[in-house]
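Report on one structure; see the data block that follows.
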Amino acid sequence: MAQLIAIDARDAAASQLRGWGRYAACLIRALPAALPAGLTLELVDGGWPGPEVTFEQLVLPVQLKRRRAALVHVCNCFLPLVRPCPGVVTIHDLAFEAWPSDFSRRTGLKYRKLTPRAARSAERVICPSAFTARDLVERYGIDPGKVRVIPEAPALALGQAPVRGGPYLLAVGDLRQKKNLGALVRAFAALSRARKIPHRLVLAGVDSGEGAHLRALAGQAPLELTGYVDDARLDALIRGADLLVNPSLYEGFGLVVLEAMVRGTPVLAVRAGALPDTGGDAAEYFEPGDPDALAAALAKLLSSPEIRAGLAQRGREWGARFSWERTARETVAVYRELLE
């Protein structure tokens with residue numbers, strides 16, 4: 001008789017996939033091909049009209065029992081603490097601990113109360129980077145023997161739509177403090193004034209209304225705020241950029257770094273969080289907290305097509321190591337550890 005793996009698929013159904021929602025969607029698509037004979041997959045998509053925490057902690061365990069699940073995998077933090085089968089939980093990062101002001105009071109409280117309990121309760125914890133795994137062990141005292149590091153992979157479809165409008169550098173993010181976009185805008189504005197570079201700075205994901213303070217920081221430097229962009233537009237923006245810059249001070253993985261690399265777009269990232277794990281030796285880095293370091297790195301890369309070409313080549317080679325097929329295989333290996 002086949003053993004049933006239940007996957008919490010609620011995040012994969014979001015209309016605008018971000019972060020862990022994209023992880024859930026890509027993993028769920030890749031898992032069936034990685035499952036051996038004797039294991040089947042069943043998705044739990046919620047459909048509960050009440051509070052999320054009630055579904056996660058009370059309704060889901062009843063559904064697992066009814067479905068006779070052999071194992072449950074929750075793709076983001078909220079594993080049922082009492083359940084009828086072994087549990088695997090993916091914890092992407094602990095930004096709600098490191099940057100609590102980036103979360104609403106209610107959301108932050110839920111994460112801080114339930115995530116450490118879920119991690120301690122789980123039979124296995126999956127993290128996308130060694131950085132997140134270390135953070136989890138150090139903050140919560142989790143047994144490192146049950147933590148598995150399984151990286152994510154590029155998720156955007158490669159398109160061919162051209163991007164026009166002259167040279168630009170690109171950052172992808174939102175206005176949370178950890179994203180550190182203000183530091184990038186200040187460094188770009190200073191460089192634009194001093195060197196009169198032909199580039200504009202494009203911030204994908206930042207709404208023009210909410211980003212008024214960034215326009216003030218930019219002054220006369222050319223700054224474009226796109227608001228939310230769909231996958232096709234984001235793919236085109238990454239392909240067309242002379243440089244992808246990720247100044248975020250805390251990331252559990254840094255997926256946009258890989259998206260740039262597989263498209264041959266050179267990457268400049270801050271040496272913080274999981275970004276060095278994700279970019280390896282294929283990205284250029286600057287030290288956090290030093291605006292002069294960021295401006296100097298921008299000046300070097302934007303003035304040197306040869307350096308950017310070398311980064312692009314290394315990025316393609318590095319990015320080719322990551323795939324959702326690999327992620328699915330390694331995730332299934334975690335399931336089999338518990339079921340065999």
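The values are calculated or read from the model by the stated rules, or taken from the named source; none is laboratory data. The structure displayed is predicted, hence computed values, not measured ones. Every residue, glycine among them, receives a Cβ derived from its backbone with ideal geometry; neighbour counts consider all protein chains shown.
Tabulated data
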item	result
Set 273, 279, 211, 205: member being out of contact with any His (no Cβ under 8 Å at 6 or more places or on another chain), under 17 Å from residue 169 (Cβ atoms) and modelled with pLDDT of 95 or more	279
Residue 148, sole failed condition from (1) outside the structural domain of residue 29 (by TED's automatic domain parsing); (2) in contact with a Lys or Arg (Cβ under 7 Å, 6 or more places away or on another chain)	(1)
Matching residues, segment 1-32, being in a helix (DSSP H, G or I), among the aliphatic types (A, V, I, L, M) and touching a Lys or Arg at 6+ places or on another chain (Cβ under 9 Å)	12, 24, 30
Qualifying positions in segment 35-66 - β-branched (Val, Ile, Thr) and in a helix (DSSP H, G or I)	53, 54, 59, 62
Single condition residue 223 does not satisfy, out of (1) modelled with pLDDT of 90 or more; (2) over 19 Å from residue 302 (Cα atoms)	(2)
Subset of segment 4-18 that is surrounded by fewer than 17 Cβ atoms within 10 Å (Cβ to Cβ) and touching a helix residue (DSSP H, G or I) at 6+ places or on another chain (Cβ under 9 Å) - its residue that is nearest to residue 68 (Cα to Cα)	13
Members of segment 1-26 that are modelled with pLDDT of 90 or more and in contact with a Gly (Cβ under 9 Å, 6 or more places away or on another chain)	3, 8
Tally of residues being without any contact (Cβ under 8 Å) to a residue 60 or more places away in the chain and over 23 Å from the mean Cα position of the chain (by Cα) across segment 1-45	7
Segment 126-136 - residue that is buried (at least 18 other Cβ atoms within 10 Å of the Cβ) and touching a strand residue (DSSP E or B) at 6+ places or on another chain (Cβ under 7 Å) and, of those, nearest to residue 253 (Cα to Cα)	129
Residues being under 12 Å from residue 270 (Cβ atoms), of a type outside the set (A, V, I, L, M, F, W, C) and not in a helix (DSSP H, G or I) - total across segment 280-313	6
Number of positions in segment 278-335 that are touching a Lys or Arg at 6+ places or on another chain (Cβ under 8 Å) and of a type in the set (Lys, Arg)	0
Residue count for segment 79-107, restricted to those that are in a loop (DSSP other than H, G, I, E, B), hydrophobic (A, V, I, L, M, F, W, C), under 25 Å from residue 275 (Cα atoms) and modelled with pLDDT of 95 or more	3
Filter pass, residue 104 being free of Cβ contacts under 8 Å to residues at least 40 places away in the same chain and hydroxyl-bearing (Ser, Thr, Tyr)	yes
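Conditions tested, residue by residue: (1) outside the structural domain of residue 34 (by TED's automatic domain parsing); (2) touching a residue at least 12 places away in the same chain (Cβ under 8 Å); (3) surrounded by fewer than 19 Cβ atoms within 10 Å (Cβ to Cβ); (4) not hydrophobic (A, V, I, L, M, F, W, C).
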| site | (1), (2), (3), (4) |
| --- | --- |
| 267 | yes, yes, no, no |
| 293 | yes, no, yes, no |
| 299 | yes, yes, yes, no |
| 327 | no, yes, no, yes |
